[in-house]
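Chemist: Just dropping this structure here.
Here, each number is a calculation from the coordinates, and none is a lab measurement. Bear in mind the structure is a predicted one, so any value in this text is a computation, not a measurement. Don't worry about glycine lacking a Cβ; one is built from the backbone with ideal geometry, like all the others, and counts go over all protein chains shown.
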Amino acid sequence: MREQEIEKLREVVRDCMSKHLYSSAIFFADKVATFTNDPADIYMHAQSLFLGHHYRRAFHLLNASKIVLRDLRFRYLAAQCLQELNEWNQCLSMLGEEVKVDEHGNLSNAANIYLDKDRGEINITAAICFLRGKAYEALENRSQARSWYKAAIKADPLCYEALECLIENHMLTCDEEANLISSLQFGSEDGWLSSFYSCLIKKYDKEIVVEAKFRDLENESCKTDQSNPSFFRTLKTNNDLLACKAEYYHQCGEYQKCFELTSVLLEKDPFHIKSTLVHLAAAMELGQSNELYLMACNLVKDYPQKASSWFAVGCYYYCIKKYDQSRRYFNKATSLDRTFPPAWIGYGNAFAAKEEGDQAMSAYRTAARLFPGCHLPALYIGMECMRTHSYKLAEQFFMQAKSICSSDPLVYNELGVVAYYMKEYKKAVWWFEKTLALIPTALSETWEPTLVNIAHACRKLEMYREAISYYEKALALSTSLSTYAGLAYTYHLQDDFSTAITYYHKALWLKPDDQFCTEMLSWALIDESRSSGNPHLEL
């Protein structure tokens, strides 16, 4: 057959693959490879078999080739076939052992691997490192998986899947994520990508810092029409960027803003997974049970085999306080995808809500083992220890959470609470002040308990003026029994009985049968009558 006729057949094969006509592609690719016996045509034949889900046949074809161990493309595709067949040890063997990696993702003997790439391509080294990471993760060797994922993103910053695995599976601490992003070597034209990656990682910085990152990306423009210099496109309306912003709102407690943004996002793209998960989390915090029900129904209908669908069902039942049912669906989500962090946290929380501490601790410990870069399991284990009055043990777990994520204000608040219960009031005040300093946005109702906590600690230290100041700040955010009672008692201790009586009355207006306020109001009335010299009011 003439060369031009063979080239025409190659074009047919490529067109069939682009149109997903895989049987046609396999048929014609087989004929081309038979005519030429050219390695490139054999590879194209194997590629068409792989895309047609004939993994065993594709592997046999590649493995029978004499150049499979000499050509990285052949070796990589053969390993991909083994991955699809879940033969992970053989997959690693096919990729070879000549290259090693350290814990920071730096490759040794990298000179033996093809490191160059054409413009617009992903480095083959990065793809191989990523596949090694997937194999080690499937074999539950997470430390090696983490190292190879790091190596993949370092070999080529365009290998987004490696970064996604590191972030979504919580393999790195906050500091490790930031250090990894700063170590990547982006091309001169990829400055926007560096900014985008920095928005994907955990966002506990101050509002001004995070908002500046988003503004830089939103203002990053790309000329799309050479004939019209004023015609630009930006990332301002990009769904992934808006999902990052929604995630940031959730992390800093702005649940209503988060919910509104994800609602708009899901109208544009109802199947955007990241937006869906953040939307579920915000709806949970806001008690939007109807929204959770609708989301769960739609997800189960469209994605019955995805963990996120059954997680949504669990969220609905958790929101309406049917914890046994929620636990069942969270458990189903973990059985479908063992590496789905929200389901493990939800599973533990459902046990904790029923005060079934042992089962809750077991779920949190599993999450801590599976997701070493997530501080929430250690935080929740500490909370469970607090519930059983194991304060020293709780403090150890809170410190562990702090070592994983040193910028989450909730961790510092819990450290302050445990110090308060251990009667270390100065230490408690210090932790609560750190909490307030780390809150990324302006104080909202979410942080009202922290203000009350620090006020209680100041009162214990007889720092009455500071205590009153914090109580008043708390009242500006939300009215609560604890705040009014604390204010009343603080004024009472300063012998300002009239003001104390006023606040005791306000507290009892919120909860008329509160025993502490009822008793203290009686004592305040007695104390006021004594101070005014009116013995007839004494009881």
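Chemist: Take the Cβ-Cβ distance between residue 175 and residue 209 as r, set R0 to 25 Å, and report the resulting FRET efficiency rounded to the nearest 0.05.
Modeler: Working: r = 15 Å, r/R0 = 0.61.
The formula returns an efficiency of 0.95 here.
Chemist: Relative to the longest principal Cα axis of the chain, at what angle does helix 72-84 sit, 0 to 90 degrees, rounded to 10?
Modeler: Value to nearest ten degrees: 60.
Chemist: Short version: ³J(HN,Hα) in whole Hz for each residue of segment 158-168, in order, from phi by Karplus 6.51 cos²θ - 1.76 cosθ + 1.60 (θ = phi - 60°), x for Gly and Pro, what are they?
Modeler: Listing the rounded values in order: 7, 7, 4, 4, 5, 5, 4, 5, 5, 7, 5 Hz.
Chemist: Additional query: Angle, helix 357-370 long axis vs. longest principal axis of the chain, Cα atoms, 0 to 90°, nearest 10?
Modeler: 40 degrees
Chemist: Can you work out ³J(HN,Hα) from phi for every residue in segment 188-205, in order, using Karplus 6.51 cos²θ - 1.76 cosθ + 1.60 and θ = phi - 60°, giving whole Hz and x for Gly and Pro?
Modeler: Residue by residue, segment 188-205 yields 4, 8, 10, x, 4, 5, 4, 5, 5, 4, 5, 7, 7, 6, 4, 10, 10, 6 Hz.
Chemist: Right, next: Anything over 23 Å Cα to Cα? Flag those among 202/245; 202/268; 245/354; 236/301, in the order listed.
Modeler: Details: 202/245 11 Å; 202/268 25 Å; 245/354 34 Å; 236/301 32 Å.
As for pairs spanning more than 23 Å Cα to Cα, those are 202/268; 245/354; 236/301.
Chemist: Would you list, by chain and number, the lysines whose Cα falls below 30 Å from the Cα of residue 8, excluding same-chain residues fewer than 8 positions away?
Modeler: 19, 31, 66, 117
Chemist: Where in segment 1-69 are there GluC sites (Glu not before Pro) that are in a DSSP coil and have at most 10 other Cβ atoms within 10 angstrom of their Cβ?
Modeler: Numbers: sites: 3, 5, 7, 11; in loops: none.
For GluC sites (Glu not before Pro) across segment 1-69 that sit outside H, G, I, E and B with at most 10 neighbouring Cβ atoms in 10 Å, the list is empty.
Chemist: Let me ask something else about it. Highest mean first, how do 505-517, 281-293 rank when packing is the count of other Cβ atoms within 10 Å averaged over residues? Before the final figure, lay out each step's value.
Modeler: On the way: 505-517: 15.3, 281-293: 18.6.
Packing proxy ranking, top to bottom: 281-293, 505-517.
Chemist: I've got another one for you. Please work out the FRET efficiency for the pair residue 324 and residue 300, using the Cβ-Cβ distance as r and a Förster radius of 30 Å; give the result to the nearest 0.05. All intermediate terms of the calculation are to be shown ahead of the outcome.
Modeler: Values: r = 19 Å, r/R0 = 0.63.
With a Förster radius of 30 Å, E is 0.95.
Chemist: Quick one: what are the phi-derived ³J(HN,Hα) couplings along segment 446-458, Karplus 6.51/-1.76/1.60 with θ = phi - 60°, whole Hz, x for glycine and proline?
Modeler: 4, 9, 4, x, 5, 5, 5, 4, 5, 5, 4, 5, 4
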